[in-house]
Amino acid sequence: MSDKDPLAFRVFNEIGIINQLTSASFAAVLPKGMTIAQFTVLNHFIRLGHDQQSPAQLASAFQITRPTMTSTLARMEKAGLVAIRPDPEDGRAKLVSVTAAGEKMRELCLQRLAGPLADADAVLSRETLAQLLPLLQDVRAKLDRLRD
């Protein structure tokens with residue numbers, strides 16, 4: 001990478017590398033059978049407080065194909081982490097909701113992430129993290145609006 005590369009590219013390249021580093025360390029400590037993709041679905045529901053969403057809405061939120069999301073949701077349903085039901089307003093559509101077991105799994109995952117998060121705390125001060133959070137939330141919100 002060069003100082004001549006566009007600034008936005010350089011910023012997002014750094015964010016991408018951070019994502020790769022954290023995803024690898026997180027994946028290593030998740031409970032057996034739990035994937036980063038499944039954890040992010042559980043986290044999505046709980047973070048946003050959604051009771052239910054369609055697989056299409058979830059695929060759009062994660063910027064992945066519907067078949068990829070359907071596959072992830074099928075594995076999660078088999079594990080009892082989500083419930084998939086017919087949409088009462090559209091017989092062809094489905095609605096997904098997180099189950100109590102899914103909520104417990106998210107909590108277990110967060111407990112397992114204590115090690116990698118402690119490692120991050122050891123190299124990043126709370127002040128740095130507190131400064132970064134609103135900036136990153138603002139970037140996420142603005143980019144999210146661009147795709148709508």
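The values are calculated or read from the model by the stated rules, or taken from the named source; none is laboratory data. All values derive from a computational prediction rather than experimental measurement. Here the Cβ positions follow ideal geometry from the backbone for every residue, glycine too, while neighbour counts run over all protein chains shown. Note: accessible area is taken over every heavy atom of the protein model, side chains too, but ligands, DNA and RNA are not part of it. Shrake-Rupley method; radii C 1.70, N 1.55, O 1.52, S 1.80 Å.
Need the C-alpha centroid separation for region 91-126 versus region 1-68, integer Å. Between the Cα centre of region 91-126 and that of region 1-68, the gap is 12 Å. Tell me, what % of the accessible area of the chain is carbon and sulfur with a 1.4 angstrom probe? Reported share for carbon and sulfur atoms: 58 percent. Heavy-atom accessible surface of region 78-120, averaged per residue, reaches 64 Å², computed with a 1.4 Å probe. Between the listed residues 38, 123, 143, the Cα displaced farthest toward the positive end of the dipole of region 31-148, a dipole computed from Cβ unit charges relative to the Cα centre, is found at 38. Within straight-line reach of residue 4, meaning a Cα separation under 20 Å, sit the following aspartates and glutamates at least 8 residues removed in sequence or on another chain: 14. Relative protection proxy for 134-145, 41-52, 114-125, from highest mean packing down: 41-52, 114-125, 134-145 (other beta-carbon atoms within 10 angstrom).
Bridgeable lysines around residue 104 (alpha carbons under 19 Å apart, same-chain partners fewer than 8 residues away excluded): 32, 78.
Each of residue 89 and residue 46 was given a label point 7 Å from its Cα along the Cα-to-Cβ line. The distance between the two points is 2.8 nm.
Label sites at residue 128 and residue 21, each approximated as a point 7 angstrom past Cα along Cα to Cβ, lie 0.9 nm apart. Go through (1) 1.01; (2) 1.26; (3) 0.96 and flag the label whose value is the computed Rg/Rh (Cα atoms, Kirkwood Rh) for this structure. For Rg/Rh (Cα atoms, Kirkwood Rh), the calculated option is (1). The helix-only estimate of mean residue ellipticity at 222 nm for the chain, built from DSSP H runs of length n ≥ 4 each weighted as -39500 (n - 2.57), is -22500 deg cm²/dmol after division by the residue total.
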